[in-house]
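Coordinate-derived values only; no laboratory data. Computed from a predicted structure; not experimentally measured. Ideal geometry is used to build each Cβ from the backbone, glycine not excepted, and the neighbour counts take in all protein chains shown.
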Amino acid sequence: MTIETPFPALTAEVRPEWIDHNGHMNVGYYHVVFDNAVDPFFEWLGLTPEIRRRHDSSTFGLESHLFFLREVKLGDRLRFAARLLDFDYKRIHFFIEMFHADDGYLAATYEGLSSHVNIAMRRTAPMPDEMTQRMAAVLAAHRSLPRPAQVGHVISAHPGRQAP
């Protein structure tokens with residue numbers, strides 16, 4: 001089994017409705033495109049439409065952190081690379097990078113934590129074994145990647161200084 005390291009999650013193009021008064025992509029649309037990139041990544045991890053139907057399950061976002069590095073503008077082509085950072089029987093910790101597809105620079109990153117849920121109960125639930133087995137193999141491969149500096153980043157007006 002070949003495991004893409006990292007997983008090429010999505011490509012997109014910055015749309016006119018995503019542009020704000022500063023002439024670049026609005027913060028809210030970063031969430032939208034990263035959320036769109038999560039879907040093919042989670043399906044690749046094993047949360048396929050078939051698994052969702054069979055187990056009446058899905059994922060809900062628990063926490064996310066966006067890190068903006070360089071702006072993107074109208075018409076810019078984007079590509080996304082996703083990696084699994086960790087998981088347990090109910091949670092998936094992941095990281096996605098957004099690159100400018102033509103110029104190659106890293107524009108933004110997204111760290112997320114999602115929970116596997118039983119849709120009928122609207123409660124967290126253990127993932128099916130076939131998902132956890134797949135994710136164990138992916139995690140082993142993705143651990144070979146260097147840990148991104150943005151993972152676990154703490155927000156502060158004074159980077160490097162501990163909060164009072």
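Data overview
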{"read-out": "Linear extension gain, Glu71 paired with Ser58, 0.36 nm per residue minus alpha-carbon span", "value": "1.5 nm"}
{"read-out": "About the Cα centre, charge dipole magnitude for the chain (Lys/Arg +1, Asp/Glu -1 at Cβ), debye", "value": "400"}
{"read-out": "GNM result for the chain, Cα springs below 10 Å: residue of Leu145, Leu66, Leu85 fluctuating most strongly", "value": "Leu145"}
{"read-out": "Label-point separation in nm, Thr5 to Asp39, each point 7 Å along Cα→Cβ", "value": "2.9"}
{"read-out": "Helix 129-142 axis, angle to the chain major axis (alpha carbon atoms, nearest 10°)", "value": "40"}
{"read-out": "Value of [θ]222 nm, deg cm²/dmol, for the chain, DSSP H segments ≥ 4, -39500 (n - 2.57) each, nearest 500", "value": "-8000 deg cm²/dmol"}
{"read-out": "Two-site FRET efficiency, Ala137 against Tyr105, from Cβ-Cβ distance with R₀ of 30 Å, rounded to 0.05", "value": "0.45"}
{"read-out": "Signed unit charges on C-beta, dipole axis of region 7-142, positive-most listed residue Gly104, Ala81, Leu47", "value": "Leu47"}
{"read-out": "Neighbourhood charge, 11 Å Cβ-Cβ cut-off, centred on Met127 and excluding it, Lys, Arg +1 and Asp, Glu -1", "value": "0"}
{"read-out": "Charge context of Ala81, other residues only, Cβ under 13 angstrom, K/R +1, D/E -1", "value": "0"}
{"read-out": "Label of the coordinate-derived value, Cα extents along the principal axes in Å, listed as (i) 46, 42, 34; (ii) 41, 35, 33; (iii) 41, 38, 36", "value": "(i)"}
{"read-out": "Sorted by Cβ density within 10 Å, fewest first, the residues Ile155, Ile19", "value": "Ile155, Ile19"}
